[in-house]
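Have a look at the structure below, then the notes.
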Amino acid sequence: MEIVGGVIARDRAGSAAGRQGGPLIVTEDVELLDDLLRLCAAAGALPEVHHGGPDRGEVWDAAPLVLVGDDAADRVRGAPRRRGVVLVGRDQDDSGVWRRAVEIGADHVLLLPDGEQWLVDRIADVAEGVGRPALTVGVIGGRGGAGASTLACALAVTAARDGRRTMLVDADPLGGGLDVLLGGESADGLRWPAFAASRGRLGGGALAESLPELHALRVLSWDRGDAVTVAPEAARAVVSAARRRGGVVVVDLPRRVDETVGEALAQIDLGLLVVPAELRAVAGARRVASAAGMALRDLRVVVARGAEPGGLDSEEVARLVGLPLVGEVPWEPGLPAAQAAGKPPGGLARSPLARFCTAFWDRLPADAAGGVA
């Protein structure tokens with residue numbers, strides 16, 4: 001256990017849509033109930049409330065989370081032991097709360113108001129039915145024009161085409177907008193300015209539903225207005241929400257690492273540094289790798305071939321940059337024409353770029369998330 005700072009019907013419609021519904025609240029303390037209902041509302045969950053002891057059956061067993069007011073501890077002492085029970089109180093000086101928590105088999109003791117944010121996050125998790133977090137791949141260019149944005153789009157398009165739940169996040173405000181690269185600059189949906197000042201928690205499902213859907217994936221990009229500064233807290237909230245949705249998240253990263261970009265880097269499982277096979281690009285990539293590597297847990301090299309034959313060997317590029325080699329993206333002469341015809345990067349399944357991306361996803365374990373083998 002740890003200390004961390006009438007009746008409402010259960011959300012059955014939410015359960016039918018894949019959500020697990022809200023928590024079970026057991027208390028007769030009116031003020032405590034008001035606080036718990038407020039926190040459930042903040043988490044987007046609709047709880048079920050029992051003013052007496054809960055039924056010793058389906059309701060108690062089926063609730064994804066049980067919030068027991070300290071006033072009701074005696075009444076639930078005989079309930080079947082289960083996980084996900086939180087004893088909620090207010091008295092910071094009452095040492096007896098530990099004994100009562102043990103007696104009812106609680107996982108946590110939570111004291112209000114200090115633990116409010118923890119509880120909101122926990123309620124939101126169970127309401128969303130959070131499972132394995134998304135495998136999050138960041139793509140960053142070793143120099144300008146390396147093709148990082150193109151690769152990011154192609155990775156997202158091929159993942160979605162293979163049936164993966166996919167979100168593409170454009171974290172480079174100076175890149176022109178990935179929705180443009182995907183041919184969806186006029187598509188309905190929110191862009192970064194709508195989230196730039198976000199704080200706290202965003203729902204993964206709600207985030208996805210608010211974004212443009214292009215080529216079977218969701219895209220968070222920039223609008224065509226003036227530059228907007230995204231707060232570090234907003235970057236953290238957005239990427240966290242995208243990850244909680246599961247599946248695959250691809251993040252197109254800028255080469256300049258500031259506090260906001262650092263929040264995104266901290267949540268990426270695997271970083272791909274795109275480096276053209278030329279000596280000057282290698283020199284620039286080493287500086288980018290040094291900055292990004294301070295926050296990225298796993299950064300690897302993708303060598304990008306240009307229109308001209310020759311250039312450095314891919315193994316030599318990886319050795320000079322000092323990072324493991326993922327592979328080599330061959331030059332694709334028909335890519336501009338395909339995009340002009342409305343095909344996104346990776347949209348042609350047999351193209352060199354699409355084949356590279358498909359092979360990349362195929363090499364990853366099916367359950368890879370939170371770590372890549």
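The values are calculated or read from the model by the stated rules, or taken from the named source; none is laboratory data. A quick note: this is a predicted structure, and the numbers were derived from the prediction, not measured. Note that we place each Cβ from the backbone using ideal geometry, even for glycine, and neighbour counts take in every protein chain shown. We work out accessible area using only protein heavy atoms, side chains counted, and drop any ligands, DNA or RNA first. Shrake-Rupley method; radii C 1.70, N 1.55, O 1.52, S 1.80 Å.
Taking only protein heavy atoms into account and a 1.4 Å probe, give the accessible area per residue of the range 249-373 in Å².
Heavy-atom accessible area per residue stands at 49 Å².
Once every DSSP H run of n ≥ 4 in the chain is given -39500 (n - 2.57) and the sum is divided by its residues, what mean residue ellipticity at 222 nm do you get, rounded to the nearest 500 deg cm²/dmol?
Mean residue ellipticity, 222 nm, calculated: -10000 deg cm²/dmol.
Let me know the volume per residue of the alpha-carbon convex hull for the range 146-266, in Å³.
Cα convex hull per residue, to the nearest whole number: 94 Å³.
So I have [x] 0.94; [y] 1.16; [z] 1.26, and one of them is Cα Rg over 2.2 N^0.38 Å calculated from this model. Which one is it?
Derived directly from the coordinates: [y].
Please work out, to two decimal places, the log10 of the ratio I(q)/I(0) at q = 0.21, 0.28, 0.33 Å⁻¹ from a Debye calculation in which every Cα of the range 148-193 carries one identical scatterer.
At q = 0.21, 0.28, 0.33 Å⁻¹ the computed log10 ratios are -0.76, -1.20, -1.33.
Using the Cα gyration tensor of the range 114-203, with a ≥ b ≥ c the square roots of its eigenvalues, what is the shape: rounded (a/c below 1.5), prolate (a/b larger than b/c) or oblate (neither)?
Prolate, since a/c reaches 1.5 and a/b exceeds b/c.
Return the long-range amide H neighbours of Gly84 (sequence gap of 5 or more, or a different chain), with a cut-off of under 5 Å between placed amide H atoms.
Sorted by chain and number, the residues that satisfy this are Asp107.
Give me the percent of the accessible area of the range 258-373 that comes from carbon and sulfur atoms, probe 1.4 Å, all protein chains in place.
Accessible surface attributable to carbon and sulfur in the range 258-373 totals 55 percent.
Looking at Leu110, Pro133, Val120, which one has the Cα that reaches farthest to the positive end of the dipole of the range 92-176 (charges on Cβ: Lys, Arg +1; Asp, Glu -1)?
Pro133
Relative to the Cα centre, what is the charge dipole magnitude of the chain, using +1 at the beta carbon of each Lys and Arg, -1 at the beta carbon of each Asp and Glu, and rounding to the nearest 20 debye?
Using Cβ point charges on Lys, Arg, Asp and Glu, the chain gives about 1300 debye.
Hey, with R₀ at 45 Å, roughly what FRET efficiency would Arg132 and Thr229 work out to, going by the Cβ-Cβ distance, to 0.05?
0.85
Tell me, what is the FRET efficiency for Glu213 and Arg256 to the nearest 0.05, using R0 = 41 angstrom and their Cβ-Cβ distance as r?
0.85
State the three equivalent ellipsoid semi-axes of the range 52-168, derived from the C-alpha gyration tensor as the square roots of 5 times its eigenvalues, in descending order and whole Å. Mind showing how you got there, number by number?
Values: eigenvalues 416, 67, 16 Å².
After diagonalising the Cα gyration tensor, the semi-axes are 46, 18, 9 Å.
Along Cα→Cβ, 7 Å out, is where each label goes; now give me the distance between the ones at Ala196 and Arg287 in nm to one decimal.
Each label point is offset 7 Å from its Cα along the Cβ direction, giving 2.8 nm.
Just the number please: accessible area per residue for the range 67-151, 1.4 Å probe, all protein chains included, in Å².
Ligands and nucleic acids excluded, the figure is 40 Å² per residue.
Tell me the net charge near Glu103. Cut-off is 13 Å between Cβ atoms, Glu103 excluded, with +1 for each Lys or Arg and -1 for each Asp or Glu.
Result for the neighbourhood of Glu103: +3.
How much FRET efficiency would the formula 1/(1 + (r/R0)^6) give for Gln92 and Val180, where r is the Cβ-Cβ distance and R0 is 51 Å, rounded to 0.05?
0.40
Quick one: what are the phi-derived ³J(HN,Hα) couplings along the range 273-280, Karplus 6.51/-1.76/1.60 with θ = phi - 60°, whole Hz, x for glycine and proline?
9, 8, 10, x, 7, 9, 4, 5
Taking the Cα-to-Cβ direction at Glu308 and at Asp61 and moving 7 Å from each Cα, how far apart do the two end points lie in nm?
Using points 7 Å along Cα→Cβ, the separation is 7.2 nm.
In the range 136-150, which residues have a backbone nitrogen under 11 Å from the label point lying 7 Å from Leu364's Cα in the Cα-to-Cβ direction?
136-139, by backbone N distance to the label point.
With θ taken as phi - 60° and the coefficients 6.51, -1.76 and 1.60, list the Karplus ³J(HN,Hα) couplings across the range 106-114 in order, rounded to whole Hz; mark glycine and proline as x.
6, 7, 9, 10, 10, 10, 8, x, 4
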